[in-house]
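Below is one structure, written out as structure tokens; comments come after it.
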Amino acid sequence: MPKFHLQFKNSLPDYQPYLPFPSNSNLLVPGGLFIDPCFPSSLLDLVSPFKGSPPSKNTACVSRRQKRESVAVKDLFFLSVSLSSDGLVSEHKECQLQNELNKKNKGAVAQVQQKVRVTRRGAVNTTKHLWAGAIAAMVSRTFVAPLERLKLEYIVRGEQRNIFELVKKIALTQGLLGFWKGNLINVLRTAPFKAVNFYAYDTYRKQLLRLSGNEETTNSERFIAGAAAGITATVLCLPLDTIRTKLVAPGGEALGGVIGAFRHMIQTEGFFSLYRGLVPSIVSMAPSAAVFYSVYDMLKSAYLHSPEGRKRIQNMRQMGQDLNALDQLELGPVRTLLYGAIAGACAEVATYPFEVVRRQLQLQVQASKMGALATGLKIVEQGGIPALYAGLIPSLLQVLPSASISYFVYEFMKIVLKVN
């Protein structure tokens with residue numbers, strides 16, 4: 001049935017509406033009358049709040065289904081009056097416009113809250129992921145610090161003694177703590193480096209898997225993700241590695257620790273001296289990380305697809321919450337340590353010459369600075385091809401336990417911290 005909409009407008013000089021209720025009320029605002037068109041106009045005088053007001057074009061405006069301009073209101077209500085042949089019925093009801101606004105606002109608020117919750121969960125998960133990698137690096141590096149010290153003696157100081165004579169020399173001249181010399185800066189460098197490395201690899205691998213649409217990551221995707229993770233971590237963490245190398249070099253004790261070495265390099269050689277050897281570092285770390293993470297992932301995937309691996313996963317699902325953190329390791333403790341060691345050994349042998357060149361570049365002064373290729377050729381001229389593998393044995397002795405412990409602690413901490 002057709003309806004008319006009667007909307008009262010202001011006719012007072014001060015443009016303040018003359019309302020039958022207080023002007024500061026937040027419950028009612030002028031609304032309208034919806035009447036049947038068959039009623040005479042005289043009936044309007046019975047309900048109009050503007051009795052006695054002079055007629056004006058602004059007094060009342062009657063239109064058929066007129067659209068009102070949308071306004072921003074709070075708690076919008078109006079008095080709806082229905083007229084019928086049976087009499088006058090008056091009731092308060094919530095405006096349909098407000099209902100629609102409320103629904104839209106509630107929907108928008110719910111979407112925002114959902115996005116906030118998702119973002120918050122993602123940030124918490126990222127933090128846990130980074131902490132898992134950092135703790136893995138701290139534990140593994142501290143455990144193998146003596147072997148790391150022996151490796152640096154061969155690479156940086158050009159030590160010619162065999163490993164047993166070198167151990168005896170360090171023990172006699174510096175005591176037992178001498179084997180952990182520079183371990184603090186090593187941990188400070190390695191913890192963020194490994195944290196970024198582990199997190200970046202998992203992130204890149206998942207993104208490549210999503211883009212490819214495959215059910216499982218391919219070996220090429222593992223190599224690409226590992227190389228990208230190595231480059232990312234190297235760019236972010238190389239300055240700490242450069243400072244550490246400077247401290248353990250001859251005369252490094254006089255620099256006054258990490259802050260002193262940092263200040264000395266900035267003042268004497270400039271800021272970019274902290275990134276000395278960046279290109280060979282990237283050339284070294286990209287294939288190293290690619291081999292390290294992809295080899296471990298391939299070994300893990302091969303085991304999980306084997307009958308033994310499938311049976312283990314099935315048993316873990318049946319046990320559910322009854323398993324402790326160690327039993328929740330997909331590979332088990334022993335196999336996790338073994339696969340980590342194999343991956344570390346493969347990566348070290350494949351990229352060790354780049355590590356030697358990088359260390360030598362970090363020790364060069366500005367006056368006699370050479371490029372990476374020239375430095376590599378000079379090393380070969382002075383000691384032959386074996387010089388590129390100087391310190392490989394103690395390095396492997398350090399890498400094997402370091403890589404195995406690192407991956408073991410990383411997988412363990414992901415379970416403990418409940419990383420998704």
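The values are calculated or read from the model by the stated rules, or taken from the named source; none is laboratory data. Values in this document were obtained by computation on a predicted structure and should not be read as measured data. Because the Cβ atoms are built from the backbone with ideal geometry, glycine has one as well, and the counts that use them run over all protein chains shown. Areas reflect the complete protein model, heavy atoms only, side chains present, ligands, DNA and RNA absent. Shrake-Rupley method; radii C 1.70, N 1.55, O 1.52, S 1.80 Å.
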In the range 222-257, which residue that is of a type in the set (K, R) and closer than 19 Å to Y275 by Cβ is modelled with the lowest pLDDT? R244
Assuming T217 fulfils every condition listed in (1) under 30 Å from V419 (Cβ atoms); (2) among the hydroxyl-bearing types (S, T, Y); (3) part of a helix (DSSP H, G or I) apart from one, which condition is it? (3)
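Every residue, every condition in (1) open to solvent by 80 Å² or more (accessible area, probe 1.4 Å); (2) closer than 25 Å to A350 by Cβ; (3) touching a residue at least 12 places away in the same chain (Cβ under 8 Å); (4) out of contact with any helix residue (DSSP H, G or I) (no Cβ under 7 Å at 6 or more places or on another chain), yes or no:
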site: K246; (1), (2), (3), (4): no, no, yes, no
site: F262; (1), (2), (3), (4): yes, no, yes, no
site: M285; (1), (2), (3), (4): no, yes, yes, no
site: A289; (1), (2), (3), (4): no, yes, yes, no
site: Y293; (1), (2), (3), (4): no, yes, yes, no
site: N315; (1), (2), (3), (4): no, no, no, yes
Residue tally, condition buried (at least 20 other Cβ atoms within 10 Å of the Cβ) and among the basic types (K, R), over the range 182-224: 4
Being part of a helix (DSSP H, G or I) and of a type in the set (D, E, K, R) is the requirement here; does E348 meet it? yes
Members of the range 158-183 that are out of contact with any Lys or Arg (no Cβ under 9 Å at 6 or more places or on another chain), under 26 Å from L240 (Cβ atoms) and in a helix (DSSP H, G or I): L166, L176, L177
Quick one: is R222 basic (K, R), in contact (Cβ under 8 Å) with a residue 60 or more places away in the chain and in contact with a Phe, Trp or Tyr (Cβ under 7 Å, 6 or more places away or on another chain)? yes
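On the basis of being in the same structural domain as N186 (by the TED database), out of contact with any Asp or Glu (no Cβ under 7 Å at 6 or more places or on another chain) and surrounded by 20 or more Cβ atoms within 10 Å (Cβ to Cβ), does Y339 make the cut? Reasoning before the result, please.
Values: in the same structural domain as N186 (by the TED database): no; out of contact with any Asp or Glu (no Cβ under 7 Å at 6 or more places or on another chain): yes; surrounded by 20 or more Cβ atoms within 10 Å (Cβ to Cβ): yes.
It is false that Y339 is in the same structural domain as N186 (by the TED database), out of contact with any Asp or Glu (no Cβ under 7 Å at 6 or more places or on another chain) and surrounded by 20 or more Cβ atoms within 10 Å (Cβ to Cβ).
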Would you mind stating whether G376 is at positive phi and more than 30 Å from the chain's Cα centre (by Cα)? no
Just the residues that are buried (at least 17 other Cβ atoms within 10 Å of the Cβ), more than 30 Å from R120 (Cβ to Cβ) and hydroxyl-bearing (S, T, Y), please, taken from the range 371-420. T375, S395, S402, S404
